[in-house]
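Here, each number is a calculation from the coordinates, and none is a lab measurement. Since we're looking at a predicted model, the values are computed, not measured. Please note: Cβ atoms are built from the backbone with ideal geometry, for glycine as well, and neighbour counts cover all protein chains shown.
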Amino acid sequence: EQLFVGDQVLRITASNEEQIALLRALDEQTELQVDFWRHPGSPGHPADLRVPFPSLQAVKTLLESKGISYSIMIEDLQKLLDEEKKAMAKSRR
Amino acid sequence: TERSTSTFDFASYHTIDEIYSWMDTLVADHPDLVSKLQIGQSYENRSLYVLKFSTGGSNRSAIWLDTGIHSREWITQATGAWTANKIAEEYGQDPSVTAILDGMDIFLEIIANPDGFAYTHSSNRMWRKTRSINAGSHCVGVDPNRNWDAGFGGSGSSSNPCSETYRGPYAHSEREVKAIVDFILGHGNVKSVISIHSYSQMLLYPYGYKTAPAPDHQELNEVAKKAVSDLAAVYGTKYTYGSIVDTIYLADGTTIDWTYDNGVKYSFTFELRDTGCYGFILPSTQIIPTATETWAALLDIMVHVLEHPY
């Protein structure tokens, strides 16, 4: 079973086409293993990006250095998944 | 175990076994309206089931709905189950549903990607693609919403098997996709396809693989406008709408581009909720509200299809 301990989901808002292109390029960097939940569309529209714990620092540094604004949408993905599992088990009972 | 549609908890997420078992119950509870068809098998040999809602007639014009082609979008399978139950319950009660089913059939595939869905329950909650093995790569799966023969292979999809938008080796390489293709072509009288995804709160229509407006752009836009307006009236959830390429980005090989190019004029794709900050792990408390508001939009589209035969 794949665990997502420490993984975060970032909500990123690009302000121009250049920043959008940069975000799209992130997707191609397979070593980061990031996963767009909501792809970057047009400036001002939020994109949601799941970032594995080992890549967090690199991704955040990149965003900050390029002046791309973001917020942490999900602090610890595994914590939410555990809650979801618990809810399903409870419902089944 | 006593089985009844009244004991199925629509407000909870369910496994594939639970949903498939419930489908049998729905059929048993509404034998004159609902039947279950198998349209193929998945890569891992799971059955691809479609619920058929029909009041009779032969080869009536039809509406196709599918949910869960991206397996991790759990709100869609849950909405599919709720919607199936709603259609069955409202026939004979709600005048719109009754009129639709007196004139047309509805087909609903609740779990369009069963291997992926099972995998989200067992190993990786975030799994999106199919589970087919890619020759020469350690990465598994194809994005079934980039695998259709509509601009297949162009930009807006990936040739990298490790990518979440990997298009696959050739169009319709995925059994899950091919089964729908064969069904729609074999049926020959499908007038609308509504493919349901999550979670960006959008109602989209062709094209995604090219920037040119679809020949029916204006009508589709009007239908979408009304549908999202009626959806918003339920809980205030704001949707955007437009062509895929204008609203999101260039995306090749998508379901509704293929259906549109193959003569299905009323081709739409939904991106359901997240009104909060959960994405694909939307809490189960939002299932019923999501399904309820989506129903308003679905009804709008289906009524429009009924009233505008072609």
**Message:** Check which residues have an amide H placed less than 5 Å from B:GLN41's amide H, if you skip close sequence neighbours.
**Reply:** B:LEU48
**Complete:** Counting sequence-distant residues (5 or more places) and residues on other chains, those with an amide H built under 5 Å from that of B:TYR209 are B:ALA251
**Mean separation of Cα contacts under 8 Å, 6 or more apart, over the residue count of chain A: relative contact order %** = 41 percent
**Item:** Shielding of B:133-145 by partner chains, average beta-carbon count, 10 Å
**Value:** 0
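Could you work out [θ]222 nm for the protein assembly as shown from helices alone, using -39500 (n - 2.57) per DSSP H run of at least four and dividing by all its residues? Round to the nearest 500 deg cm²/dmol. The partial results should precede the final answer.
Working: 12 runs with 151 residues, N = 403.
Calculated mean residue ellipticity at 222 nm is -12000 deg cm²/dmol.
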**Request:** Name the shape class, rounded, prolate or oblate, that the alpha-carbon gyration tensor gives for the range B:156-308, where a ≥ b ≥ c are the square roots of its eigenvalues, rounded holds for a/c under 1.5, and otherwise prolate holds if a/b is larger than b/c and oblate otherwise.
**Result:** oblate
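Among B:LYS238, A:LYS85, B:LYS191, rank each residue by its count of other Cβ atoms within 10 Å, from fewest to most, as a rough exposure measure. Write out the running numbers ahead of the final one.
Numbers: B:LYS238 9, A:LYS85 13, B:LYS191 21.
Fewest to most other Cβ atoms nearby, the residues stand as B:LYS238, A:LYS85, B:LYS191.
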**Complete:** Per residue of B:274-283, other chain Cβ atoms within 10 Å number on average 5
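With Cβ to Cβ distances under 9 Å as the rule, what net charge do the other residues near B:ILE196 carry (K, R +1; D, E -1)?
On the way: positive: none; negative: B:ASP66, B:GLU73, B:GLU271.
Overall, the nearby charge balance is -3.
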**Request:** Mind listing the lone cysteines of chain B, meaning no other Cys beta-carbon sits under 4.7 Å from theirs?
**Result:** B:CYS277
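Sequence gap at least 6, Cα distance under 8 Å: using those rules, report the relative contact order of the range B:88-222 to the nearest whole percent.
Values: 126 pairs, mean separation 18.4, N = 135.
Relative contact order for the range B:88-222 comes out at 14 percent.
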